[in-house]
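What follows is a set of notes on a single structure, which appears directly below.
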Amino acid sequence: MRKSFSFKVDDVQVFKAKLLVWSQQFYEVVWLDSNSHNNQYSSFDGMLAVDALTALSTDSFNAFDDLKTYQTETKDWIFGYLTYDLKNNVERLKSENFDGLHFPELYFFQPKKIIQIQGDTAHFIYLNMVDDEIKIDFDEITNITLKNKKETKEKNIHIKMRIFKDDYFDRVGKMLQKIHRGDIYEANFCQEFYAEDTEINPLETYNELNKISEAPFSVFLKLNDKYVASASPERYIKKEGTTVISQPIKGTAKRSLDKLEDEKLRTNLALDEKERAENVMIVDLVRNDLSKSAIKGSVQVTELCKVYTYNQVHQMISTITSTVKSDKNVVDILKETFPMGSMTGAPKVSAMKIIEELEATKRGVYSGTVGYITPEQDFDFNVIIRSILYNATEKYVSFSVGGAITAKASPEKEYEECLLKAKAMRQVLEGKVS
């Protein structure tokens, strides 16, 4: 069905940049970049999928069943995204908040062309119908002349907040009342920053965001006039053979240019009782989610509350693994764990109801996931956070940030954490350090 051919690449970073420029001729593009964050669960350095042969686009009604049918019939690589609002297909929930982006709630496509980068090698994995274009495309990509970088300057983009500070405190206060009453233990509360009547260059925006963050689960997605530029540090879920891996993030601390101060911030995060409690709650939730698909007794916490350092922030991450039967349907695994615990709360369904009640914006792709499923029934999906979303036709730009609210949460500190998480996106859009 597919033909593979490999080429050595002299300068991988330059080749990646040229690859992204080349990809812009296609209507459907998914680019995944690990930014050289190699760990035991890494699969590649970068992967590009372009040019749909077939596609599935749908709302949340029966979305997972539709995806299961599509994946089963295609029996090939498929790339795409699940929006947060597919929760409505998993549970009896609704999404009625404002939506300025209007993305389909689920979109996957079967690409004619896949280019995977591992080390200094580019693997071209093309459908047989276009395999005669492999050498032509490699030469075309190699011969692209990259433009010189322009100096970053302030841009005429006015970022607005969907809810203001006092409103944020009021909404978080209501969430805390529900926590203290015992309705829930924890919920992720998010807010939107946006710009209307605004045009951006999506690829330049992604490149700038990726340069600032160099995150391990970065994504550039193009679907006709809709774009995602993501510097996500978080994996939602991965399947490798019969092993399933989830790596939720809960706990964030800022970085410092001073080495001693930076190490102190990292250590303080590792020891912070509130942050550890948040993380452990989500670990328990993820263990429960994975157990729905897992062979009994196979769910394991292999890493608890480990602090990882990224360009912008320190993050507390845990790793939970499980084993599934070899014939377990991959889409069922996704459905049984969706949406990811780190973006919902505990108990999960009650938290999602309260989130819908108190947030001002439909989340859509934000806190959903982008990834792929292979012909061998493996998959890997990130969490769409630290991301800029853009509808070019409606000239609407959006990014959202959030944080976990628990009984010990301080609205003032949570608000400051949101501004910290928003910093990179705001800097990229406005062309200045906020």
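In the stretch 84-123, how many are assigned to a strand (DSSP E or B) and either open to solvent by 30 Å² or more (accessible area, probe 1.4 Å) or touching a Cys at 6+ places or on another chain (Cβ under 6 Å) (or both)?
The total comes to 4.
For every residue, the table says whether it meets (1) closer than 19 Å to Glu359 by Cα; (2) of a type in the set (D, E, K, R).
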{"position": "Arg386", "(1), (2)": "yes, yes"}
{"position": "Gly403", "(1), (2)": "yes, no"}
{"position": "Ala409", "(1), (2)": "yes, no"}
{"position": "Glu417", "(1), (2)": "yes, yes"}
{"position": "Arg426", "(1), (2)": "no, yes"}
{"position": "Leu429", "(1), (2)": "no, no"}
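Suppose we filter Ser293, Ser350, Ser326 for residues that are touching a residue at least 12 places away in the same chain (Cβ under 8 Å), more than 30 Å from Asn210 (Cα to Cα) and surrounded by 20 or more Cβ atoms within 10 Å (Cβ to Cβ); which single one remains?
Going through Ser293, Ser350, Ser326 in turn, just one is touching a residue at least 12 places away in the same chain (Cβ under 8 Å), more than 30 Å from Asn210 (Cα to Cα) and surrounded by 20 or more Cβ atoms within 10 Å (Cβ to Cβ): Ser293.
Quickly run through the stretch 1-21 and pick out the residues that are open to solvent by 20 Å² or more (accessible area, probe 1.4 Å), assigned to a helix (DSSP H, G or I) and within 29 Å of Lys75 (Cβ to Cβ).
None - no residue of the stretch 1-21 is open to solvent by 20 Å² or more (accessible area, probe 1.4 Å), assigned to a helix (DSSP H, G or I) and within 29 Å of Lys75 (Cβ to Cβ), so the list stays empty.
Condition test on Ser342, is it closer than 26 Å to Ser293 by Cα, at pLDDT below 95 and not in a loop (DSSP other than H, G, I, E, B)?
Taking the combined requirement at face value, the residue satisfies it.
Among the residues of the stretch 348-384, what is the count of those that are out of contact with any strand residue (DSSP E or B) (no Cβ under 7 Å at 6 or more places or on another chain) and among the hydrophobic types (A, V, I, L, M, F, W, C)?
The total comes to 2.
Yes or no, residue by residue, for (1) in contact with a Phe, Trp or Tyr (Cβ under 7 Å, 6 or more places away or on another chain); (2) assigned to a strand (DSSP E or B); (3) open to solvent by less than 10 Å² (accessible area, probe 1.4 Å):
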| residue | (1), (2), (3) |
| --- | --- |
| Ala215 | yes, no, yes |
| Ser218 | no, yes, yes |
| Ile237 | yes, yes, yes |
| Ala270 | no, no, no |
| Glu278 | no, no, yes |
| Met281 | yes, no, no |
| Asp284 | no, no, no |
| Asn288 | no, no, no |
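State which residue pairs qualify: first residue aromatic (Phe, Trp, Tyr) and inside the stretch 152-173, second residue open to solvent by less than 50 Å² (accessible area, probe 1.4 Å) and modelled with pLDDT under 95 in any location, beta carbons under 7 Å apart, and separation of 6 or more residues or different chains.
Partner pairs satisfying both residue conditions: Tyr168/Tyr415; Phe169/Pro411.
Of the residues that sit in the stretch 296-322 and are more than 29 Å from Lys423 (Cα to Cα) and within 21 Å of the chain's Cα centre (by Cα), which one is least open to solvent (accessible area, probe 1.4 Å)?
Going through the qualifying residues, I end up with Ile320.
Restricting attention to the stretch 329-340, report how many residues are open to solvent by less than 10 Å² (accessible area, probe 1.4 Å) and either farther than 19 Å from Ser60 by Cα or out of contact with any strand residue (DSSP E or B) (no Cβ under 9 Å at 6 or more places or on another chain) (or both).
0
Please name all residue pairs, on different chains or six or more residues apart, with Cβ atoms under 6 Å, provided the first residue is in the stretch 124-147 and is open to solvent by less than 80 Å² (accessible area, probe 1.4 Å) and the second residue is of a type in the set (Ser, Thr, Tyr) and not in a helix (DSSP H, G or I).
Ile125/Ser4; Ile134/Tyr126
The values are calculated or read from the model by the stated rules, or taken from the named source; none is laboratory data. Here the structure is a predicted model, which is why all the values come from computation and not from measurement. Quick reminder, even Gly has a Cβ in these numbers, built from the backbone with ideal geometry, and neighbours come from all protein chains shown. To get the accessible areas, we keep the full protein, side chains included, count just its heavy atoms, and leave off ligands, DNA and RNA. Shrake-Rupley method; radii C 1.70, N 1.55, O 1.52, S 1.80 Å.
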